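Undergrad: Supplied in structure tokens, the structure appears directly below.
Coordinate-derived values only; no laboratory data. Owing to the predicted nature of the structure, the values given are computational and were not obtained by experimental measurement. Positions of Cβ are generated from backbone atoms using ideal geometry, with glycine treated the same way; all protein chains shown enter the neighbour counts.
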Amino acid sequence: MSLYEKPAHILHDMLTRKEISARELTEDVLSRIDAVENEVGAYLLEMRETAIAEANRVDAKIAAGKEIHFLAGIPGAIKDNICTKGVRTTAGSKILESFVPPYDATVMTKLHDADAVILGKANLDEFAMGGSTENSAYHPTHNPWDTERVPGGSSGGSAAAVASGTAIWALGSDTGGSIRQPASFCGIVGLKPTYGRVSRYGLMAYASSLDQIGPLTRDVTDAAHLMNVIAGHDVMDSTASRADVPDYTKALQNDVKGLKIGLPKEYFISGMDSDVEASVRMAIADVEAMGAEVREISLPHTDYAVSTYYLIAPAEAATNLERYDGVSYGVRVDGEDLVDMMTRTRTEKFGAEVKRRILIGNYALSAGYYDAYYLKALKVRTLIQQDFTRAFEEVDVIMTPTAPTPAYKIGEMTSPLQMYLQDISTVPLNLAGLPGISVPCGFTAAGLPIGLQIIGRPLAEETILRAAYAYEQAHDFHTKMAPIGGKA
Ligand code: GLN
């Protein structure tokens, strides 16, 4: 097994035992990039030189007998809507094609403090708006399991990098499913933390009441370790939780006895892919056989989640994206006067989906429609939150499919509405602020990965990690690499 195929926790042990050097590991992943990146297109920017320099620094620490952090010397990818000081950050948009942030996002500072090796910036749907990475203004990313298919999105570059071995781990962001859904499409683990668990400082805002940064990894163990690195309070983000950060690896106990699992009947919808439904039901039966108690529950307002999300997210996006006017932020397209300059800048540099959402958002917020759309959506959001609060009086976790289908073909989703409806199982968690993890739970007959979503109470990342870990340890789905570049 090549180094690039191993999870971070194995590589960390090999580094501390001096069986490999960080430089050797980084070079191995860089040559994997040389081998498959032209087929996958996970990156918008590679940072080869600084990656080697970071690896050398870690090797010097190891040689000097110093103890190293978990992520020290382990190469990863960063979604390109997370600000990296001195390194171009585009959010997948032409409007930021030359933006070089003068500061690091808080998660970047934490990664640097942990001596992580940063390989590059990963592709995404423009401003994280989308579910397939086809909305990137630069290029689409291909699913390593079948390069004619999408990797999911919006963190499609992050997921495809981890799945193809061109990164060992990655960070993504999740506003309505953008960590969990690409993780499920690419056969890896993706965790969306509780709203506020990870600082959003330096994450380019899409919908500020929903956005959250989280890890995409090969397995649940790595997800727990990454959470140890990135979680915590931050004075730079007033919504960051002050709750103590536990050691998430303590949750990896391989025991689900007595855990109460709820199956919301509204999530097993008609129109769901039959292989997806079969794998998820089988996964739940397996967890039950390990000693968990499974019961059916109801989340009655689920039907309204997609429409609620697609009013609140665009409303917040329309406001957040006002700053890209060619003056405060964004490249400028000259015009005859100020209004003409701003109009040209936004018309030429924003893509179609971003413009669509700005229009929907401003419509929902406009004086005559505010009460009928935005305000009503906020009320339904509360009802959705209450559904979960009630359900969690009865159960410890809730299990659902992460997405109703496996990865679809590039270009297959022709209407935006069709794509929005795909978000049915992921957006309710963002509306309610809850943590969720997607863990691989099988393959379709055609060999495409399927994800199981496990939802927890606010700040109960440990409980979902515990359930995900026990399930994972009884299976070998997470050990399979995508069949690309001669690897089957
Ligand atoms: N697919 C959803 C959207 O388009 C979620 C995106 C996300 O989580 N960033 O808004």
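Undergrad: For the stretch 416-436, does any single residue satisfy the condition of being surrounded by fewer than 19 Cβ atoms within 10 Å (Cβ to Cβ), of a type outside the set (Phe, Trp, Tyr) and without any contact (Cβ under 8 Å) to a residue 40 or more places away in the chain?
TA: yes
Undergrad: I'd like the residue in the stretch 159-197 that is under 13 Å from residue 227 (Cα atoms) and within 14 Å of the ligand (Cβ to nearest atom) and, out of all such residues, is farthest from the chain's Cα centre (by Cα).
TA: 193
Listed here are the residues, each with its yes/no results for (1) polar (S, T, N, Q); (2) touching a Pro at 6+ places or on another chain (Cβ under 8 Å); (3) within 16 Å of the ligand (Cβ to nearest atom).
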position: 254; (1), (2), (3): yes, no, no
position: 260; (1), (2), (3): no, no, no
position: 289; (1), (2), (3): no, no, no
position: 297; (1), (2), (3): no, yes, no
position: 311; (1), (2), (3): no, no, yes
position: 319; (1), (2), (3): yes, no, yes
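Undergrad: Moving on. For the stretch 110-150, what are the residues that are assigned to a helix (DSSP H, G or I) and more than 11 Å from the ligand (Cβ to nearest atom)?
TA: 110, 111, 112, 113
Undergrad: Tell me which helices (runs of 4 or more DSSP H) are completely within the stretch 354-434 and hold 1 or more residues being within 23 Å of the chain's Cα centre (by Cα) and closer than 17 Å to residue 184 by Cβ, or say none if there are none.
TA: By residue number, 416-421, 427-432.
Undergrad: A further question on this structure: For residue 369, state whether it is on the phi < 0 side of the Ramachandran plot and buried (at least 19 other Cβ atoms within 10 Å of the Cβ).
TA: Here the answer is no, as residue 369 does not meet what is asked.
Undergrad: Failed condition for residue 59, given (1) surrounded by fewer than 18 Cβ atoms within 10 Å (Cβ to Cβ); (2) without any contact (Cβ under 8 Å) to a residue 40 or more places away in the chain; (3) among the acidic types (Asp, Glu), with all others met?
TA: (1)
Undergrad: Restricting attention to the stretch 325-353, and to residues there that are in a helix (DSSP H, G or I), more than 11 Å from residue 95 (Cα to Cα) and of a type outside the set (D, E, K, R), which single residue is farthest from the ligand (Cβ to nearest atom)?
TA: Result: 338.
Undergrad: Checking the structure you have, find out if any residue of the stretch 386-393 is buried (at least 21 other Cβ atoms within 10 Å of the Cβ), over 19 Å from residue 129 (Cα atoms), among the hydrophobic types (A, V, I, L, M, F, W, C) and touching a strand residue (DSSP E or B) at 6+ places or on another chain (Cβ under 6 Å).
TA: No; the residues of the stretch 386-393 include none that is buried (at least 21 other Cβ atoms within 10 Å of the Cβ), over 19 Å from residue 129 (Cα atoms), among the hydrophobic types (A, V, I, L, M, F, W, C) and touching a strand residue (DSSP E or B) at 6+ places or on another chain (Cβ under 6 Å).
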